[in-house]
Amino acid sequence: MQPLAYCYLFKYIIIGDTGVGKSCLLLQFTDKRFQPVHDLTIGIEIWDTAGQEAFRSITRSYYRGAAGALLVYDITRRETFDHVSVWLEEARQFANPKTVVMLIGNKADLESRREVTTEEGRQFALEHGLVFTETSAKTAKNVEEAFVGTANAIYTAVLEGALDLKKETCGVRLGSLYGGYRQTDPALQSTRDPLYVRYRDCC
Amino acid sequence: MECNEYDSGSDCYEEIGVNGSDRPNVLRPSVLDLPGSGIHRTLWSQVPQVMSSGILDELSVAQQKLQEAKFELVTSEASYFKSLTVLEKHFASSPSMKDENVLPKMDYKILFSNVAPVRKCSEMVLAALDKCWQDSIMLDGICRTIYQLSQQNFNVYIKYCTNQVLIESTLKRLRQNSPNFAEALSTLEKSKKCQSLSLYSFLLLPMQRITRMPLLLDAIRNKLEPDTSEYDSCTLALAQLHKIAHECDEAARKAERFEEMAVLSRALNYPVGLRPLPLLSASRWLERSGQVTHINMEAKLTFSRKLTSRNIKLTLFLFTDYLIIAKKKEDNYSVVDYCPRNLVQVSKMDDAISSRFLIVLTMLENHEGKTQEMMLCCGSDSSRERWLQTFASPYSSNSEETLYADWDCPQVAATHAYSPAQPDELALQHGDVVNVLRKLSDGWYYGERIRDGERGWFPGNYTTEIASMHVRAKNLKLRYRLLALSGDYLQQLKNKNNS
């Protein structure tokens with residue numbers, strides 16, 4: 001175990017309807033090594049909300065202080081896409097206005113059962129100023145890109161000064177250059193504790 | 001030292017937690033000493049004692065998965081407990097946080113007063129889980145253990161979650177307004193013990209744990225054979241945990257509403273001459289608010305009132321039992337009028353000329369006891385529909401049944417005592433007053449007994465309706481309808497004569 005040097009710690013939240021594969025995405029991602037972005041080591045702390053969708057009032061707290069939100073729907077279930085606007089409204093209401101939201105159409109490996117076209121997803125993202133991609137937690141397609149893409153967008157916001165690092169609620173914390181320590185590798189440190197990741201047979 | 005009772009003295013658990021592995025004749029490490037957490041948490045199948053027991057060769061893949069699911073309940077509790085210990089020992093007990101110049105006593109209480117009970121509870125759970133683990137390498141009876149614990153001890157979570165909204169707003173305020181606090185906190189957060197997580201992350205742990213528990217139990221249940229006693233106890237535990245998590249959520253919602261009402265009541269200003277409405281009450285909350293345009297026009301409404309001033313933007317606040325109409329002034333609102341909700345009537349109005357989304361809102365008794373009509377324009381068709389929907393009284397699709405809202409229900413008083421024949425019935429003593437929420441055509445009523453809030457069915461002929469706001473509102477509505485009818489009639493006559 002070695003102390004990890006990283007410059008930034010980004011806080012993410014994963015949201016979306018029940019069963020769209022939020023935990024699977026997270027698992028798939030944390031199984032891989034996280035590529036440093038811009039030669040900087042960026043750690044991420046991920047808050048998974050899977051299974052807690054019914055407890056809206058208390059879980060709202062997750063939004064506060066999130067730098068990035070991955071809004072996931074299932075391309076094989078139209079209704080999960082229909083609810084995206086509700087999730088977005090909630091995120092906009094309770095998160096920092098600067099929170100980077102990435103729209104993710106998951107289960108892209110199930111092409112034959114597709115109910116939401118890529119174009120629809122892209123269009124929605126365009127209209128609402130979101131980053132968009134389609135992923136497959138099963139084949140790992142685009143999973144890393146989704147997390148890294150969001151990290152890039154946040155990092156850009158930091159560079160442009162759009163995120164005020166002095167504010168706790170911006171979701172970005174300075175890392176070990178300022179005395180922080182991590183004991184695992186950067187991808188995993190987010191999940192200091194299984195509280196942040198869930199191991200379930202959902203895939 | 002052995003602990004067999006879950007609710008025995010707390011010192012006992014302190015020892016298990018700390019010295020568990022020092023106990024003689026114990027082959028397995030205490031759950032707190034299992035190495036690793038995070039993504040590399042220990043798997044059951046990787047514990048040396050499990051590996052050397054030879055048990056792994058006898059288990060099917062499915063059985064092993066079940067073991068891992070059970071074990072996760074244990075390891076996650078251990079990791080949670082360790083984090084709570086950081087919260088209590090490193091943050092809550094630190095000299096800087098206890099310094100009143102850094103953190104005033106009231107704020108300390110909000111942030112930390114519920115931490116110790118929650119940690120105590122986790123300690124108790126952990127001790128019980130550890131015993132389970134020491135007794136049985138297969139973790140037999142773990143679901144029953146959780147069920148028993150949750151029945152008695154998990155109310156601390158409800159208390160904790162009630163406070164969560166307040167914790168958030170307090171922390172935010174302190175960070176912004178108190179440089180002393182911000183500096184002390186930043187020093188504490190830099191400690192290695194926090195693994196660079198913020199105090200906020202730690203303060204959310206109990207909420208995360210209580211909503212995660214049902215998921216962990218569900219994962220176990222999915223892997224158990226149905227119709228076994230273990231399956232049954234798992235189902236019980238799951239139901240119990242779900243109930244508690246829901247109660248936590250409900251408590252947080254209530255607290256949030258109350259906070260929202262407090263903020264709102266500060267933002268509402270009453271001009272001289274308008275009697276302020278005491279807004280704060282545990283049973284009142286905001287159901288919908290939004291801006292509409294008040295249309296002043298020459299056209300005649302029911303009472304042929306002429307209005308000449310220009311159109312103005314108004315904000316409607318519809319509470320559970322009141323409507324407040326106000327004008328927005330920067331961050332505040334200046335109240336224009338208000339009316340009890342059961343004395344408000346709204347209807348859609350067609351606008352043939354410019355197809356605006358109009359409604360007519362009538363206050364049968366406004367703040368000065370007068371009937372007041374207003375024509376309002378909503379921003380869109382859907383906004384209008386949603387306003388009409390929110391204002392509407394409940395409506396049953398069953399023609400044999402009449403429904404009433406809390407804010408507009410008949411009241412009855414019992415004229416005879418009634419003893420329930422079924423568990424869903426309400427006992428009545430002579431003189432009991434009941435708010436009626438449903439009436440069936442066969443004479444059965446469903447209602448809430450005022451003295452204690454108990455709800456149930458009772459025969460309507462054991463009671464008699466009494467004078468209430470509902471009766472008054474009904475009479476006022478009837479009078480208004482008759483007036484409107486005669487107004488229309490007179491108008492028609494007039495038109496006829498003119499033409």
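In the range B:194-207 there is no residue matching the filter, namely being open to solvent by 10 Å² or more (accessible area, probe 1.4 Å), outside any helix (DSSP H, G or I) and on the phi < 0 side of the Ramachandran plot. Cβ contacts < 6 Å: first residue closer than 17 Å to B:Phe357 by Cα, restricted to the range B:280-297; second residue basic (Lys, Arg), any location; separation 6+ or different chain. Result? If the second residue must be basic (Lys, Arg), the pairs left are B:Gln291/B:Lys313; B:Thr293/B:Lys313. Checked against (1) closer than 20 Å to A:Ile13 by Cα; (2) free of Cβ contacts under 8 Å to residues at least 60 places away in the same chain, A:Thr117 meets all criteria but (1). For the condition facing another protein chain (nearest Cβ under 7 Å), among the hydroxyl-bearing types (Ser, Thr, Tyr) and outside any loop (DSSP other than H, G, I, E, B), B:Thr187 does not qualify.
Residue count for the range B:268-279, restricted to those that are exposed (fewer than 14 other Cβ atoms within 10 Å of the Cβ) and in contact (Cβ under 8 Å) with a residue 60 or more places away in the chain: 2. For B:Asp432, the test of being open to solvent by less than 40 Å² (accessible area, probe 1.4 Å) and in contact (Cβ under 8 Å) with a residue 24 or more places away in the chain is failed. Of the residues B:Val102, B:Val74, B:Val86, B:Val50, the single one that is in a helix (DSSP H, G or I) and more than 14 Å from chain A (Cβ to nearest Cβ) is B:Val50.
May I ask you to verify whether B:Thr170 is assigned to a helix (DSSP H, G or I), modelled with pLDDT of 90 or more, open to solvent by 20 Å² or more (accessible area, probe 1.4 Å) and within 20 Å of B:Glu88 (Cβ to Cβ)? When the stated conditions are applied, B:Thr170 does not pass them.
Screening B:Leu215 on (1) within 22 Å of the chain's Cα centre (by Cα); (2) buried (at least 22 other Cβ atoms within 10 Å of the Cβ) shows it passes everything except condition (2). The test for being within 14 Å of chain B (Cβ to nearest Cβ) and charged (D, E, K, R) does not hold for A:Arg77.
Filtered by the rule that a residue be crowded, with 24+ Cβ neighbours inside 10 Å and not in a helix (DSSP H, G or I), the range A:131-154 gives A:Thr135, A:Ala137. The set of residues in the range B:190-208 that are facing another protein chain (nearest Cβ under 7 Å) and of a type outside the set (A, V, I, L, M) comprises B:Lys190, B:Lys192, B:Gln195, B:Ser196, B:Ser198, B:Tyr200, B:Gln208.
Annotation for the range B:42-51: at least one member residue is at pLDDT below 85 and not hydrophobic (A, V, I, L, M, F, W, C). The residues on offer are B:Gln67, B:Gln134, and the sole one that is more than 20 Å from B:Phe202 (Cβ to Cβ), open to solvent by 30 Å² or more (accessible area, probe 1.4 Å) and in a helix (DSSP H, G or I) is B:Gln134.
Do we find that B:Glu365 is in contact (Cβ under 8 Å) with a residue 12 or more places away in the chain and open to solvent by 80 Å² or more (accessible area, probe 1.4 Å) in this structure? Walk me through how you get there before you give the answer.
Values: in contact (Cβ under 8 Å) with a residue 12 or more places away in the chain: yes; open to solvent by 80 Å² or more (accessible area, probe 1.4 Å): no.
No.
Within the range B:438-448, is even one residue in contact with a helix residue (DSSP H, G or I) (Cβ under 8 Å, 6 or more places away or on another chain) and under 30 Å from B:Thr362 (Cβ atoms)?
Yes, that holds for at least one residue.
Checking the conditions here, which among B:Leu316, B:Leu323, B:Leu358 is closer than 17 Å to B:Lys477 by Cβ and not β-branched (Val, Ile, Thr)?
Result: B:Leu323 is the single residue among B:Leu316, B:Leu323, B:Leu358 that is closer than 17 Å to B:Lys477 by Cβ and not β-branched (Val, Ile, Thr).
Residue by residue, here is whether (1) touching a helix residue (DSSP H, G or I) at 6+ places or on another chain (Cβ under 7 Å); (2) farther than 15 Å from B:Pro410 by Cα; (3) open to solvent by 80 Å² or more (accessible area, probe 1.4 Å); (4) of a type in the set (A, V, I, L, M) holds:
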{"position": "B:Phe458", "(1), (2), (3), (4)": "no, no, no, no"}
{"position": "B:Asn461", "(1), (2), (3), (4)": "no, no, yes, no"}
{"position": "B:Arg472", "(1), (2), (3), (4)": "no, no, yes, no"}
{"position": "B:Lys477", "(1), (2), (3), (4)": "no, no, no, no"}
{"position": "B:Tyr480", "(1), (2), (3), (4)": "no, yes, no, no"}
{"position": "B:Ala484", "(1), (2), (3), (4)": "no, yes, no, yes"}
{"position": "B:Leu490", "(1), (2), (3), (4)": "no, yes, yes, yes"}
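From the list B:Leu224, B:Leu216, B:Leu236, the one residue that fits, being in contact with a Leu (Cβ under 7 Å, 6 or more places away or on another chain), under 22 Å from B:Asp140 (Cα atoms) and more than 10 Å from chain A (Cβ to nearest Cβ), is B:Leu224. Filtering the range A:114-126 to residues that are surrounded by 15 or more Cβ atoms within 10 Å (Cβ to Cβ), part of a helix (DSSP H, G or I) and in contact with a helix residue (DSSP H, G or I) (Cβ under 9 Å, 6 or more places away or on another chain) leaves A:Gly121, A:Phe124. Looking at B:Leu111, B:Leu59, which is the one that is modelled with pLDDT of 85 or more, more than 13 Å from chain A (Cβ to nearest Cβ), under 29 Å from B:Leu171 (Cβ atoms) and surrounded by 14 or more Cβ atoms within 10 Å (Cβ to Cβ)? One residue alone meets the criteria, B:Leu111. The one condition from (1) of a type in the set (A, V, I, L, M); (2) modelled with pLDDT under 70; (3) crowded, with 22+ Cβ neighbours inside 10 Å that A:Leu165 does not meet is (3).
Yes/no matrix, rows are residues, columns are (1) under 11 Å from A:Ile75 (Cα atoms); (2) surrounded by fewer than 20 Cβ atoms within 10 Å (Cβ to Cβ):
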{"position": "A:Leu88", "(1), (2)": "no, yes"}
{"position": "A:Phe94", "(1), (2)": "no, yes"}
{"position": "A:Gly105", "(1), (2)": "yes, no"}
{"position": "A:Leu110", "(1), (2)": "yes, yes"}
{"position": "A:His128", "(1), (2)": "no, yes"}
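Looking at the range B:334-341, is at least one residue of a type in the set (Asp, Glu) and at pLDDT below 90? Checked the range B:334-341: no residue is of a type in the set (Asp, Glu) and at pLDDT below 90.
The values are calculated or read from the model by the stated rules, or taken from the named source; none is laboratory data. Please read these numbers as outputs of a predicted model, since none were measured by experiment. Every residue, glycine among them, receives a Cβ derived from its backbone with ideal geometry; neighbour counts consider all protein chains shown. Accessible surface is based on the protein model in full, side chains and every heavy atom, while ligands, DNA and RNA are left aside. Shrake-Rupley method; radii C 1.70, N 1.55, O 1.52, S 1.80 Å.
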